[in-house]
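The values are calculated or read from the model by the stated rules, or taken from the named source; none is laboratory data. Note that the structure is predicted; figures quoted are calculated from it, not measured. Cβ coordinates were reconstructed from backbone atoms using ideal geometry, including for glycine residues, and neighbour counts include every protein chain displayed. All accessible areas refer to the heavy atoms of the entire protein, side chains included, with ligands and DNA or RNA removed. Shrake-Rupley method; radii C 1.70, N 1.55, O 1.52, S 1.80 Å.
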Amino acid sequence: MNIIFQVEYATLWGEELVLKSNLQPDILPMACVDGSRWTLQLAQQKLPKELRYKYALRRATGELVEEGGAWRTFSPQSAAFPTVALSDCWRTGGNDALISSPYTSILWGRSAKAHSDSALIHHSRRLTIRAASVPSGRLLCVTGSDDLLGGWNASRPLLMQPDDRGTWHTGFSPADRHKPIFYKYAVYDVKQQKIVGYEQRQSDRVLLPPEHAEAMLWRNDEIPDFGFAAPRGAGVAVPVFALRSDSSYGVGQFSDLKLLADWTKKAGLSMIQALPINDTSSTLTWRDSYPYSGISVFALHPIYLDLTPLAACLTARQAEHLKAEQAELNALPEVDYERVMTLKWKYIRIAYRKEKSAIFAGKEYQEFFAQRKSWLQPYAAFCYLRSKYKTACFAEWEDFATFSAAKVAELASPEFPDYDEVAIHCYVQLLLHRQLREAADYCRKLGIVLKGDIPIGISRNSCDAWVAPELYNMDAQAGAPPDAFSAAGQNWGFPTYCWSSMAQDGYSWWQQRLQAMSEYFDAFRIDHILGFFRIWEIPLHSVQGLLGYFSPALPLSIPELNRRGAWFDAERLCTPYIREHVLRELFGDEARDVSQFFMEEYRAHAFRFKPEFDSQRKIEDFFAQQKSYAAEVKDKLFDLLNDVTLIEDKRNPSCYHPRIAMHYTRSYRDLDEQQKQALDAIYVDFFYHRHNEFWKEQALQKLPTVRYATGMLACGEDLGMVPSCVPEVMQQLGLLSLVIQRMPNDSSVEFAPLDRAPYLSVCSPGSHDTSGLREWWEEDRSATQRFYNQTLHHDGEAPATCEPWVAREIILLHLNAPSLWAVFPLQDLLAIDGSLRRSDPRAERINLPSNPHHYWRYRMHLTLEHLLRQQKFSSEVKKMVKESGRWTGR
């Protein structure tokens, strides 16, 4: 087959277009035909099943700039012609956010389905166009100068059909292949059987005949402008575990999402945003309540299983006991994680014994298992071995410490003596899949977008790390530098990603992860999207996050440090700065006792930690076993270990990073002014300028794979220390940013001006990591007063508490923002109703980021059934949404 690539692009002097594809490993230069039309012809004897290609601009400097969007695809089997001309438009990116399932199907009630080329394969002219927000009952069509396009007759256009990724297709075979065809895209009303709107462009489009008269011309046009904007939506954010219903068992469950969807629609909202729902069962204690530390990025958490469908497997006495236990757990104000898990597994085992034979012999399970075997079988074996060895630390699993597919297959064989202890986990995943899929389909039917959450990390003791440890840096920990949540930084404990290993197969692990997620969700939030630019990497010996540094990075060499006036001295700048006056300052009268026990004086008035105490991890272990010293002594010892000015890069010996927040260290404080000035200049350049292009390149190598793996709407949590390149990359890829009013990314303002929020963003008054509106209002009186006067524009003294009318005004600020979505924690919506909201604002807190061992157990104080009966409240929310001009449902 001969393939002719054509694309329109007006280059500058010295620039050229090139083609990247899976046809050849090399980048191929294109030829310019008339100053703006570039072409390349390839004759291929053997073609891949799917051709993937992209255009790129090579600048005069040699820099290569890819067009926006996903890889273009072409199936050679879809054209019955020896020569095919692929005529394309350069993609700028950014508007891709709207070519996602919320806008191509969910909000409009249009069913998404795969497109078949069989009906179009023999047409000599093919037209495709990407478009979103086409209401149900209407189709896109083509009208134009050719008779087959209706001859510009509004009642006889050529209709198009959409696929499941927002692309519309049609084809025709003009009688005269040698003349140009003029055409436009339009909107066709199926009921009225006529065109009801045209794309807004002054000139007609033109389809020029290909140079090879017998060639099939496939024209891929870009997003048309029909004059209607995509709807700005509003949603509610609540963890699944926090849901409460009359039929739940002490914790929210997947079936509760249907009740929440009913209320969401009733309140004029269009999105439900959840936290991660993957299995976190590592320690089998309440510590597993942390939803961001999954043991599998594919497996669903058994805690979300609704036991009600298993009732048929129970005796009358067992059913009676279950009902009594259910009532006890549902009466609790918070989730009792361990009791709930004990209850669920008790009745799962009963049901498994009763129906395992029928389930495993059934077609549903066999298809389910076959499609997911690559992760499901290792996951089931992992769960079995975790219980057998009483630890998820696979390094302690003797012969199973290193993953072996053959050994896992033996464990999963019906001949294995403990087969049921392995197979039961496959059984549970089928039940969970059924219930979540049913809830997801219910949401889609109502026009509600279900938005999931992708954690940036995985548990160190996870099935993923066991199966493919080469994908992770197991000798490091991920976290975050100091921020509003934690002055000592955050240490999440996850291994960081080994991106070079992931890149070897095109980041397939990420693609599979996203594709599995898209079965249930139509939008997703990338937790800590900054990790795709660079991650805060902390050494294993640290408990806190202050001794971390960004990775990948461009650390400073010793010659560079000296050249810039820092005068490198490893002992002075890179080891904990412990001097006699520092010890007195920290410990007072206890200084001598503490220094003699934990340290040694290696020269006059200078100390270092003894080998048994020379890391935070060692000190943490010591204090866990003794009672001689108070806890504040441990905190001060941690402080001393953090007291350095430079940190050596473990992967680049003799290269260094300035310690984050070094200006607060005693090491920096006691330097002379000249060296301080040199280090100040290095610090500002290092953290705010040096890495911008480098981190941009890193992100653009990884993020497109995640962004375009599915048709889901992609959002990123971009809070914290944000490099200046982040907004540009997110805009280019059509990734929605996050705007939280009290946590602006612009350090020059105290509160983010919501009227200037980017269109491609999600604005929210808070998140699961922040206090709720009402608790925040009482945290800092001076900040609240400034917000009241300067943001809400009220005179006088601010109310002592966040009264319902205040909460309502804050909600309206967010609804009126230009952001594509405004999403509200359920607690903040309830804050507008004095009779419905919780009495104690502090009881609404979901997480405390400063506490790595926080117990995630928040639960709604109202049942969803009760919430559905609150007609006045639901109507008030819907009225606010409607008056703001946001979408209130179809």
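Remarks
- Check on Tyr708, within 23 Å of Val644 (Cβ to Cβ) and either of a type in the set (Ser, Thr, Tyr) or surrounded by fewer than 17 Cβ atoms within 10 Å (Cβ to Cβ) (or both): no
- Flag for Asp117 being out of contact with any Phe, Trp or Tyr (no Cβ under 6 Å at 6 or more places or on another chain), modelled with pLDDT of 95 or more and more than 19 Å from Asp225 (Cα to Cα): no
- The sole residue among Gly69, Gly109, Gly62 that is free of Cβ contacts under 8 Å to residues at least 12 places away in the same chain and on the phi > 0 side of the Ramachandran plot is Gly62.
- The set of residues in segment 677-705 being open to solvent by 30 Å² or more (accessible area, probe 1.4 Å) and farther than 30 Å from Ile454 by Cα consists of Gln677, Asp680, Ala681, Val684, Asp685.
- Filter result (of a type in the set (S, T, N, Q), exposed (fewer than 14 other Cβ atoms within 10 Å of the Cβ) and within 24 Å of Leu243 (Cα to Cα)) within segment 309-360: Thr342
- Extreme residue, least open to solvent (accessible area, probe 1.4 Å), among residues of segment 664-676 that are part of a helix (DSSP H, G or I), within 18 Å of Val582 (Cα to Cα) and free of Cβ contacts under 8 Å to residues at least 12 places away in the same chain: Arg669
- Among residues of segment 375-404, those that are in contact (Cβ under 8 Å) with a residue 24 or more places away in the chain, surrounded by fewer than 18 Cβ atoms within 10 Å (Cβ to Cβ) and small (Gly, Ala, Ser), counted: 1
- Residue that is most open to solvent (accessible area, probe 1.4 Å) [pool: residues in segment 838-883 that are farther than 30 Å from Thr280 by Cβ and in a loop (DSSP other than H, G, I, E, B)]: Arg869
- In segment 8-25, the residues that are closer than 22 Å to Glu50 by Cβ reach residues that are at pLDDT below 90 and in a loop (DSSP other than H, G, I, E, B) with C-beta atoms within less than 7 angstrom, at least six apart or across chains, in these pairs: Asn22/Pro48; Leu23/Gln44.
- The one condition in (1) open to solvent by 20 Å² or more (accessible area, probe 1.4 Å); (2) among the aliphatic types (A, V, I, L, M); (3) within 13 Å of Arg130 (Cα to Cα) that Met160 fails to fulfil: (1)
- Output for segment 424-481, where each listed residue is within 23 Å of Leu736 (Cα to Cα), in a helix (DSSP H, G or I) and open to solvent by less than 10 Å² (accessible area, probe 1.4 Å): Ala440, Cys443
- Condition check for Leu719: closer than 30 Å to Leu450 by Cβ, open to solvent by 10 Å² or more (accessible area, probe 1.4 Å) and touching a strand residue (DSSP E or B) at 6+ places or on another chain (Cβ under 7 Å): yes
- Of the strands (runs of 3 or more DSSP E) lying entirely inside segment 181-255, those containing at least 2 residues that are open to solvent by less than 20 Å² (accessible area, probe 1.4 Å) and either under 25 Å from Cys715 (Cα atoms) or in contact with a Cys (Cβ under 8 Å, 6 or more places away or on another chain) (or both) are 181-189, 233-237.
- Of all residues in segment 53-70, those being open to solvent by 80 Å² or more (accessible area, probe 1.4 Å) and either closer than 19 Å to Ile99 by Cα or acidic (Asp, Glu) (or both) number 1.
- The lone exception for Ser281 - which of (1) hydroxyl-bearing (Ser, Thr, Tyr); (2) more than 20 Å from Cys426 (Cα to Cα); (3) open to solvent by less than 10 Å² (accessible area, probe 1.4 Å) it fails: (2)
- Considering only residues in segment 635-684 that are at pLDDT 95 or above and of a type in the set (Lys, Arg), the one that is nearest to the chain's Cα centre (by Cα) turns out to be Arg659.
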